[in-house]
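Q: Mind looking over this structure? Questions follow.
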Amino acid sequence: MRVISGSAKHLPLKTIKGMDTRPTTDRIKETLFNMIQSDIPGCRFLDLFAGSGAIGIEALSRGAECAVFVEQNSAAAAVIRDNLAFTRLAERGRVIVRDVLHAGAELAGEQPFDVIFLDPPYRKDFEPPVLEMLLKNGLADEHSLIIIEAALDTEFSWLEAAGYELVKYKKYKTNAHVFVSPKSNI
């Protein structure tokens, strides 16, 4: 796994051993960033269920103003810190070692994030409470783009009732990226 583009281009990234994280492949990461490249420069980026931090680090490498990484696994959080230091992006990254819902409460009151990426464990139904938390704590507004990495069979018919609209759906062989944004009339 490596940084695809930007100031840290081609630098390798560490991951933790075992199956506790499921890193996004370089090919899928490149496709994702090709789709959102105009949203990244100068943005505030939030990487939830951050794993190795590869997605947030890619955003920083491509010009995001800052990135907050939320990861409850302390070994994975240590890897994120190592990756930030190795890529020389640590001064623009902040790592929070907590579960996502508690971290959201900790971040409440901060300026909304421009781009939010969440890659929760598949088939555990984390998506509805996390999206609810983002609105409740003011971390997302109608200008925020939220990207959910999910299993292909993940159900999203509840989005509208939760105050979100589907912007785009990108299907891959084994998973999908679901692009959503809070509705402006909430």
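Q: Are any of the residues in region 134-144 more than 26 Å from Gly42 (Cα to Cα), without any contact (Cβ under 8 Å) to a residue 60 or more places away in the chain and under 14 Å from the mean Cα position of the chain (by Cα)?
A: no
Q: A follow-up question, please. Kindly establish whether Val95 is among the aliphatic types (A, V, I, L, M), open to solvent by 10 Å² or more (accessible area, probe 1.4 Å) and assigned to a strand (DSSP E or B). Spell out how you get there, then give the answer.
A: Details: among the aliphatic types (A, V, I, L, M): yes; open to solvent by 10 Å² or more (accessible area, probe 1.4 Å): yes; assigned to a strand (DSSP E or B): yes.
Criteria met by Val95.
Q: Among Glu71, Glu65, which is the only one that is among the acidic types (Asp, Glu) and open to solvent by less than 30 Å² (accessible area, probe 1.4 Å)? Let's see the steps before the verdict.
A: On the way: Glu65 fails: open to solvent by less than 30 Å² (accessible area, probe 1.4 Å).
Exactly one of Glu71, Glu65 is among the acidic types (Asp, Glu) and open to solvent by less than 30 Å² (accessible area, probe 1.4 Å), namely Glu71.
Q: Step by step: first the residues of region 35-62, then only those that are small (Gly, Ala, Ser) and open to solvent by 40 Å² or more (accessible area, probe 1.4 Å), then the one that is nearest to Arg98 (Cα to Cα). Which residue is that?
A: If we take residues in region 35-62 being small (Gly, Ala, Ser) and open to solvent by 40 Å² or more (accessible area, probe 1.4 Å), then Gly42 is nearest to Arg98 (Cα to Cα).
Q: I need the full set of residues from region 25-51 which are closer than 25 Å to Asn137 by Cβ and either part of a loop (DSSP other than H, G, I, E, B) or β-branched (Val, Ile, Thr) (or both), in order please.
A: Correct list: Ile36, Ile40, Gly42, Cys43, Phe49, Ala50, Gly51.
Q: Regarding region 122-130, can at least one residue be identified that is over 22 Å from Thr31 (Cβ atoms), touching a residue at least 40 places away in the same chain (Cβ under 8 Å) and either among the basic types (Lys, Arg) or out of contact with any Lys or Arg (no Cβ under 7 Å at 6 or more places or on another chain) (or both)?
A: So the first thing to find is which residues in region 122-130 are over 22 Å from Thr31 (Cβ atoms), and the list is 123-126, 128-130.
Subsequent filtering for residues that are touching a residue at least 40 places away in the same chain (Cβ under 8 Å) retains 126, 130.
Narrowing the set further to residues that are either among the basic types (Lys, Arg) or out of contact with any Lys or Arg (no Cβ under 7 Å at 6 or more places or on another chain) (or both) leaves 126, 130.
Taking every residue of region 122-130 in turn, at least one turns out to be over 22 Å from Thr31 (Cβ atoms), touching a residue at least 40 places away in the same chain (Cβ under 8 Å) and either among the basic types (Lys, Arg) or out of contact with any Lys or Arg (no Cβ under 7 Å at 6 or more places or on another chain) (or both).
Q: Quick check: is even one residue across region 99-113 among the polar types (S, T, N, Q) and either within 20 Å of Thr15 (Cα to Cα) or not in a loop (DSSP other than H, G, I, E, B) (or both)?
A: No, that holds for no residue.
Q: Now for a different question. Take Val68 and tell me if it is assigned to a strand (DSSP E or B) and in contact (Cβ under 8 Å) with a residue 40 or more places away in the chain.
A: yes
Q: Okay, next question. Report, by residue number, each residue of region 78-92 that is over 14 Å from the mean Cα position of the chain (by Cα), assigned to a helix (DSSP H, G or I) and not charged (D, E, K, R).
A: Once the filter is applied, which keeps residues that are over 14 Å from the mean Cα position of the chain (by Cα), assigned to a helix (DSSP H, G or I) and not charged (D, E, K, R), region 78-92 yields Ala78, Val79, Asn83, Leu84, Ala85, Phe86, Ala90.
Q: Please specify each residue of region 111-169 satisfying the condition of being in contact with a Cys (Cβ under 8 Å, 6 or more places away or on another chain) and open to solvent by 10 Å² or more (accessible area, probe 1.4 Å).
A: Asp114
Q: Limited to region 119-135, what total is found for residues that are closer than 12 Å to Leu101 by Cα and either charged (D, E, K, R) or in a strand (DSSP E or B) (or both)?
A: Qualifying residue count, region 119-135: 2.
Q: Could you check region 170-185 and list, in sequence order, the residues that are in contact with a Gly (Cβ under 8 Å, 6 or more places away or on another chain) and surrounded by 18 or more Cβ atoms within 10 Å (Cβ to Cβ)? So that I can check it myself, show each step before the final result.
A: Residues of region 170-185 that are in contact with a Gly (Cβ under 8 Å, 6 or more places away or on another chain), as a first pass: 182-183.
Residue satisfying the conditions is Pro182 alone.
Q: Report, by residue number, each residue of region 71-111 that is touching a residue at least 12 places away in the same chain (Cβ under 8 Å) and among the small types (Gly, Ala, Ser).
A: Ser74, Ala75, Ala76, Ala77, Gly93, Ala103, Gly104, Ala105, Ala108, Gly109 - these are the residues of region 71-111 that are touching a residue at least 12 places away in the same chain (Cβ under 8 Å) and among the small types (Gly, Ala, Ser).
Q: Got at least one residue in region 131-138 being at pLDDT 95 or above and either within 23 Å of Pro12 (Cβ to Cβ) or among the aromatic types (Phe, Trp, Tyr) (or both)?
A: Within region 131-138, none of the residues are at pLDDT 95 or above and either within 23 Å of Pro12 (Cβ to Cβ) or among the aromatic types (Phe, Trp, Tyr) (or both).
The values are calculated or read from the model by the stated rules, or taken from the named source; none is laboratory data. Quick caveat, the model's predicted, so the values are computed rather than measured. Cβ coordinates were reconstructed from backbone atoms using ideal geometry, including for glycine residues, and neighbour counts include every protein chain displayed. These area figures cover heavy atoms from the full protein model, side chains too; ligands, DNA and RNA do not enter into them. Shrake-Rupley method; radii C 1.70, N 1.55, O 1.52, S 1.80 Å.
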